[in-house]
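> Once you've had a glance at the structure underneath, I'll fire off some questions.
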Amino acid sequence: MHAVINSVLAAAIGISSSTAAASEKLFTGVFDGTGRACSGALQVRAKTIEWRSAFSTCKPTPYEILEKNAEDGPKRIVFRLKKRSSQCLYPVIEVTQASDYRWNVTGYQSLEGFQKKEAPDWSNSPLPERQTLSCPMTGPN
């Protein structure tokens, strides 16, 4: 009986970890920017992230995942860079799937900016520190 329970638990843990690994792989790779302002790429690796665009250069750095939805609805993940280079304007990066190979990538200048993105006085503000960079991208390759 214990052997049956142990094998069921082992199978469940294996399924859970393989599902987690599959969802991580969904967001791993190179996302290519489109358009003049968004030329460049977002590169997500297992432990580091890098985003190079016309207006900001975030060199490879460790990250933490603030939010993730890889199950129902649009696939979405939010990264917070643990360290940022001096030319990196966006320490919080949100990646949302628009279709099979199209993604919307939005950079926020602060964690506060990400958290308040829905607030009317924040999202429509002319203040420079509240501005975001929103880029359509393809990938991941």
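> Using 1/(1 + (r/R0)^6) with R0 = 25 angstrom and r between the beta carbons of Lys47 and Thr96, what's the FRET efficiency to the nearest 0.05?
So, using R0 = 25 Å, E works out to roughly 0.65.
> Find, to one decimal place in angstroms, the Kirkwood hydrodynamic radius of segment 63-133, where the mean of 1/r is taken over every pair of different Cα atoms and then inverted.
After inverting the mean inverse Cα-Cα distance, the result is 13.0 Å.
> Please give, to one decimal in nm, the separation of the simple spin-label points placed at Thr34 and Glu67, each 7 Å out from Cα toward the Cβ.
Distance between label points: 2.4 nm.
> Related question: Gain in length, Gln115 to Leu26, computed as 0.36 nm per residue apart minus the alpha-carbon separation, to one decimal in nm?
Working: separation 89, 0.36 × 89 = 32.04 nm, distance 2.40 nm.
Residue separation times 0.36 nm, minus the Cα-Cα distance, leaves 29.6 nm.
> Can you tell me which of 126-132, 31-37 comes out highest on packing, and rank the rest after it, using the mean Cβ neighbours within 10 Å?
31-37, 126-132
> Using amide H atoms built 1.01 Å from N in the peptide plane, name the residues 5+ places from Thr57, or on other chains, whose amide H lies under 5 Å from its own.
Here Cys88, Leu89 satisfy the definition.
> Something else: Leaving out ligands, DNA and RNA but keeping every protein chain, what accessible area does Asp121 have, in Å² rounded to the nearest 10, with a 1.4 Å probe?
My reading of the accessible area for Asp121 is about 110 Å².
The values are calculated or read from the model by the stated rules, or taken from the named source; none is laboratory data. Not measured: the values here are computed from a predicted model. Virtual Cβ from ideal backbone geometry, glycine too; neighbours counted across all protein chains shown. Ligands, DNA and RNA are excluded from the accessible area calculation, which covers all protein heavy atoms including side chains. Shrake-Rupley method; radii C 1.70, N 1.55, O 1.52, S 1.80 Å.
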